[in-house]
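Q: I am attaching a structure below and will ask some questions about it afterwards.
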Amino acid sequence: MSPAIDHSLQDPPQLPREPLIEKNAVITEAPWVRRTLTAVALLFLCGFLLLPLVAVFVEALRNGVETYFEALKDPDALAAIELTLIAAAIAVPLNLVFGVSAAWAITKFEFRGKSLLVSLIDLPFSVSPVVAGLIYVLIFGSHGWAGPWLSEHGIKVLFSTPGIVLATVFVTFPFIARELIPLMTEQGTDDEQAALSLGATGWQTFWRVTLPNIKWGLLYGVLLCNARAMGEFGAVSVVSGHIRGQTNTMPLHVEILYNEYQFSAAFAVASLLAMLALLTLGIKSWLEWRHSDELSATRRH
Amino acid sequence: MTSAAPTTRARALRPRSAIPGFGLTLGFTLLYLSLIVLIPLAGVFLKSASLGWEGIWHVVSSPRVVAALKLSFGAALIGAGINAVFGTLVAWVFVRYQFPGKRFFDAAIDLPFALPTAVAGIALTALYAPNGWIGQYLEPLGIKVAYSPLGVIVACTFISLPFVVRTVQPVLEEAEKELEEAAASLGANRWQTITRVILPTVLPALITGFTLAFARAVGEYGSIIFIAGNLPMVSEIAPLLIIIKLEEFDYAGATAVAAAMLVLSFLLLLVINGLQIWTRSRRNRK
Amino acid sequence: MNIQIRGIHKAFASFPALDGVNLDIESGELIALLGPSGSGKTTLLRTIAGLEFPDAGEISFGGENIASRPVRERGVGFVFQHYALFKHMTVADNIAFGLNVRKGSSRPSKEAIKQRVHELLDLVQLSGLDKRYPSQLSGGQRQRVALARALAIDPKVLLLDEPFGALDAKVRKDLRRWLRELHDKTGYTTIFVTHDQEEALELADRVVVMNRGRIEQVGNNQQVYEQPATPFVFDFLGSVNILPGEVKDRQLRFDGSDDVWDSESKESGLVDIYVRPHDLQIVDPAAPGLDATVTLVQRAGALIRISAALATSGERIELELSHLDTLARSRQPGDAIRVAPITFGLFPRAPHRRPTTLPDVVPNAPAENRERARN
């Protein structure tokens, strides 16, 4: 009654399985081009980045390991280390509180002038460190605006720890805010609104909901902030009195040693800072690798 | 009769929000910002205003200041330019190719961000001084790097290296494969595809990176003063001149130079941003 | 330009994207590569273009083996699914790109290029938009620019990868018709990839149905629809009922029925019977057929869709009848009917049956009825 269709699949003839041409994607360069470009890039990086780093350690150990440790145990060096740590220990938490506060205000609310505020927060980045020191000299210096009043009351800001702290706070001002603002913008306000709807107060919401969300971005910002705080030179140089053992941070101490031709001692102290830099880079890379989802999009590799 | 509770200033600024803390956080933010940044910065302009236009001009146009400004800005521009070329190359290699140790080198690119400037300064000097690691080979060739403007350029290149790489890298990573395939299918060879299709998309990011690199290098102090030589009129950078004037208690002079730096940077940034906007407006009118 | 494809194999890691493909395409044909995702249709298209390289096999354009030629030398016009227009160039520069990158003597003069761009803009009905940027165009316009750009190089073959996939239904229909007209006017050999069977059947001279890296059937739209060569083609194009049966001595018997139909099948054994809903008719209780109970009657435009459950196995079948069929119109759920196939396809019994998607929903009946229905 009806036509039946009965087919089976036709198998193709078996051809030898050899790739016809090199398995390159269409969109890449010839191998020799790739290798040359890679070599040039790596040479550039090695020459400009790695060589100076290596030089620090080599020069530090040039006169032997003992001299190295002697330089570090020198009382002026220890005082410099202490001052550096103090400055960072004050500046970083202050900027942390500021960064969180600014990020909260900017990312959880809408208001006019928001982009202006963000630009203003970025200002310290575009100011030369020397100018950063200058502005505080203008205020607190003996010929400055508040200078006479301060010397009357015996308060020392410049050429003393407070001035150094202030300059450090200025140059590291935007770091944490800059990390948190894009991150919290991406995260939006949904989680906070959910918490509030469930009855949490503002503070509870912040501690239990927001903070866990931003903890890695916060760590990242603190890391960069700290690295800059400990390594700042220009701004601190202006406001410090360069008084050995008293108003010298580690970078300033390096300068003094260097200017006195105590090269290996200078490099010894510098090597501590270099190690700090390497540690910073290491943690930074680890954060970008392991927790890239919890950093802002600009940080993901 | 009780009076109604006064509305706070915060609520007048924006509509009601379910999330608390606006007044507190914005208030603290503005206070901190003003105290630490705005008021001190305003001081610079106030102080230089006290000199008057003539006074400022007198300081700024003196030969030593002019030379210092030329050096700071010139070296920064050249350093940023070098990084524009090599930084793009580095970004390309890292995004498109595989090679051993890639992760290590990728992390290393951020070294100038993390390394204290003084450390960089003495390290660069150790390399390029006449008896230095590299300098010793260049000296007989008559090339003097340390203690000359060339050294300043080298330091500027070091300090601004990551800026171009890190702004160009993400743009290259997002480049669409299909665009390159389309160009190839239309008959373009690799070089044509790169120059006509890929690089134009990268150009805005490149300009941004160049701008950031320049802005960073122009105000740089710590990594330059060791290698620069600091001879007035020859290898003296503007920030150093500011410090010298401060040590001489010439606050006004120092401020004038600082103000000149700020204004010049601002103008240059305007020009570069204008360029940026011009290249962007040609395409994305969404 | 005719195209011969022989023995193409291509694997990604261990996944066989193309598993031995042979195909002949006549010059000037409009061919559709149709199949579900993962069938290899896009891989085949890209292999023809030279954007992928096969592990084995030959591709010839006009008798010349081009399998080892890079894409830029093949002269193919490729239109990407998401257009891949150069955002930083105007429409005119996009279209002229293929001509501008030519070197030396093969590159036309500036005026000639300008002329050609305008011709093409007229052809794709986008005259006057030459100075616009892609971001200022609609999806359909971008698609036409992509097409014009591919045509500018006078390609040997035009390859389109899901050309209308990213567009709205209405625009898609309009562009479909327009593409056919364009093809008829220009006469380029054209291959396009789609997963939309309606598009393939409507547009193409011939349809290549692919599944799992192999070609299931090649034919014009009548052949693939009415004479499907494999169960996959039967099922992929249009809907189908699959019923078990047995063939013995050239006689076909449905499971659960004693009636027999003649079969030309030389072999005996268990079979799956593939019947399209519109090839089932309701017949007299006395005629040969299968008993079933109506479960659902739906009016859908010019059709009446009847779902029924076979009396013997309870298996669900679908019928599609014309709205002019007054007898069908009056059917109600619960009616007993007898159905018979007008035409069907036979394939060896496959171990897996097509699963139903959702369990049967027992209508909201009073308790006693629900008890009865469950039993």
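The values are calculated or read from the model by the stated rules, or taken from the named source; none is laboratory data. What you are looking at is a predicted structure, and each value in this text was computed from that prediction instead of being measured. Note that each Cβ is placed from the backbone with ideal geometry, even for glycine, and that neighbours are counted across all protein chains shown. Calculation scope for accessible area: heavy atoms of the full protein, side chains included, ligands and nucleic acids excluded. Shrake-Rupley method; radii C 1.70, N 1.55, O 1.52, S 1.80 Å.
Q: Could you tell me whether chain B comes out rounded, prolate or oblate from its Cα gyration tensor? Rule is a ≥ b ≥ c as square roots of the eigenvalues, rounded for a/c under 1.5, then prolate if a/b exceeds b/c, otherwise oblate. Please list the in-between numbers first.
A: Numbers: a/c = 1.99, a/b = 1.08, b/c = 1.84.
Oblate.
Q: Can you compute 3J(HN,Hα) from phi for each residue in segment C:281-294, using the Karplus curve 6.51 cos²θ - 1.76 cosθ + 1.60 with θ = phi - 60°, rounded to whole Hz and x for Gly and Pro?
A: Running phi through 6.51 cos²θ - 1.76 cosθ + 1.60 with θ = phi - 60° gives 10, 8, 10, 4, x, 7, 6, x, x, 10, 7, 8, 10, 5 Hz.
Q: Quick one: how many lysine pairs in segment C:3-233 have C-alpha atoms under 21 angstrom apart, if they're 8 or more apart or on different chains?
A: Step by step, the pairs that qualify in segment C:3-233 add up to 10.
Q: Treat every Asp and Glu Cβ in the protein assembly as shown as -1 and every Lys and Arg Cβ as +1, leave all other atoms uncharged, and give the resulting dipole magnitude about the Cα centre to the nearest 20 debye.
A: 2300 debye
Q: Another question, then. Before anything else, pin down the relative contact order of segment B:57-285: Cα pairs under 8 Å, at least 6 apart, normalised by residue count, whole percent.
A: That works out to 32 percent.
Q: Related question: Can you give the FRET efficiency to the nearest 0.05 for residue C:300 and residue A:193, using r as the Cβ-Cβ distance and R₀ = 45 Å?
A: Given R0 = 45 Å and the Cβ-Cβ separation, E is 0.50.
Q: Then there's this: Between residue B:70 and residue A:118, what's the calculated FRET efficiency when r is the beta-carbon distance and R0 is 25 Å? Round to 0.05.
A: My answer for the efficiency is 0.15.
Q: List the relative contact order of segment C:86-198 as a percent without decimals, with contacts defined as Cα pairs under 8 Å and 6+ residues apart.
A: 28 percent
Q: Ordering C:323, B:58, C:88 by accessible area with a probe of 1.4 Å, largest first, what comes out? Numbers along the way, then the final one.
A: Values: C:323 60, B:58 135, C:88 25 Å².
From most exposed to least exposed: B:58, C:323, C:88.
Q: Ranked from the most accessible area to the least, with a 1.4 Å probe and all protein chains present, what is the order of C:338, C:212? List each step's numbers first, then the result.
A: Working: C:338 35, C:212 180 Å².
Descending accessible area places them as C:212, C:338.
Q: Related question: To the nearest 20 Debye, how big is the dipole of segment B:57-285 about its Cα centre, given +1 on the beta carbon of each Lys and Arg and -1 on that of each Asp and Glu?
A: With Lys and Arg at +1 and Asp and Glu at -1, about 540 debye.
Q: With θ set to phi - 60°, apply the Karplus curve 6.51 cos²θ - 1.76 cosθ + 1.60 along segment C:264-271 and write out the HN-Hα couplings as whole Hz, x wherever there is a Gly or Pro.
A: Working through the residues one at a time gives 8, 5, 7, 9, 10, x, 6, 9 Hz.
Q: Accessible area, 1.4 Å probe, largest first: how do C:167, B:38 sort?
A: Largest accessible area first, the residues go B:38, C:167.
Q: Report the FRET efficiency, 1/(1 + (r/R0)^6), for residue B:62 and residue B:199, where r is their Cβ-Cβ distance and R0 is 45 Å, rounded to 0.05.
A: With R0 = 45 Å, the Cβ-Cβ based efficiency is 0.55.
Q: Can you bin chain A into rounded, prolate or oblate? Criterion: square roots of the alpha carbon gyration tensor eigenvalues sorted a ≥ b ≥ c, rounded for a/c under 1.5, prolate for a/b above b/c, oblate for the rest.
A: Judged from the Cα gyration tensor, chain A comes out oblate (a/c at least 1.5, b/c at or above a/b).
Q: With +1 on each Lys and Arg Cβ and -1 on each Asp and Glu Cβ, how big is the dipole of chain C about its Cα centre, in debye rounded to the nearest 20?
A: 1820 debye
Q: Which of the listed residues, C:336, C:90, C:67, is farthest toward the dipole's positive end in chain C, when Lys, Arg count +1 and Asp, Glu count -1 at the beta-carbon?
A: In chain C, that residue is C:90.
Q: Give a residue-ordered list of calculated ³J(HN,Hα) values for segment C:40-47 (Karplus: 6.51 cos²θ - 1.76 cosθ + 1.60, θ = phi - 60°; whole Hz; x for Gly, Pro).
A: Computed from phi, the couplings for segment C:40-47 are x, 5, 5, 4, 5, 4, 5, 5 Hz.
Q: Continuing with this model, one more query. Using 0.36 nm times the number of residues separating residue C:324 and residue C:169, minus their current alpha carbon distance, what extension gain do you get? Walk me through the numbers on the way to the answer.
A: On the way: separation 155, 0.36 × 155 = 55.80 nm, distance 2.95 nm.
Gain on stretching residue C:324 to residue C:169: 52.9 nm.
Q: Out of segment A:28-70, which trypsin sites (Lys or Arg not before Pro) are coil in DSSP terms and have no more than 11 other C-beta atoms within 10 Å?
A: Loop-located and lightly packed - none at all.
Q: I would also like to ask the following. Relative contact order for chain A: what percent, with Cα pairs under 8 Å and sequence separation of 6 or more?
A: 28 percent
Q: Continuing with the same structure: Under a 5 Å amide H to amide H cut-off, with H placed in plane at 1.01 Å, what residues pair with residue A:189 once short-range neighbours are removed?
A: Those lying under 5 Å, H to H, from residue A:189: there are none.
Q: Follow-up question, since we're still on this one. If we count every other residue with Cβ under 14 angstrom of residue A:136's Cβ, Lys/Arg +1 and Asp/Glu -1, where does the sum land?
A: +1
Q: Let me ask you something else. Mind checking which of C:128, C:195, C:77 is farthest towards the positive end of segment C:3-233's charge dipole, using Cβ charges of +1 (Lys, Arg) and -1 (Asp, Glu) about the Cα centre?
A: C:128
Q: Collect residues whose amide H, placed 1.01 Å from N in the peptide plane, falls under 5 Å from the amide H of residue C:79; neighbours closer than 5 in sequence don't count.
A: C:159, C:160, C:161
Q: Could I ask something else about it? Counting only the heavy atoms of the protein chains, how much of residue C:199 is accessible to a 1.4 Å probe, in Å² to the nearest 10?
A: Roughly 10 Å² of residue C:199 is accessible to a 1.4 Å probe.
Q: Quick one: helix C:110-123 against the long Cα principal axis of chain C, what's the angle to the nearest 10°, folded into 0 to 90?
A: That helix lies at roughly 20 degrees to the long axis.
Q: Moving to a separate point now. Take each uninterrupted DSSP H stretch in chain A, measure its Cα extent along the helix axis, and return the ones at 18 Å or beyond whose mean Kyte-Doolittle hydropathy is at least 0.0.
A: A:31-45, A:75-108, A:175-187, A:211-231, A:263-290
Q: Just grab the label-to-label distance for residue C:343 and residue B:136, each label 7 Å out from Cα along the Cβ direction, in nm (one decimal).
A: 9.3 nm
Q: For peptide B:255-268, what's the mean number of Cβ atoms from other chains within 10 Å of each residue's Cβ?
A: Values: counts 5, 0, 3, 8, 1, 0, 4, 4, 0, 0, 3, 1, 0, 0.
Per-residue shielding by partner chains comes out at 2.
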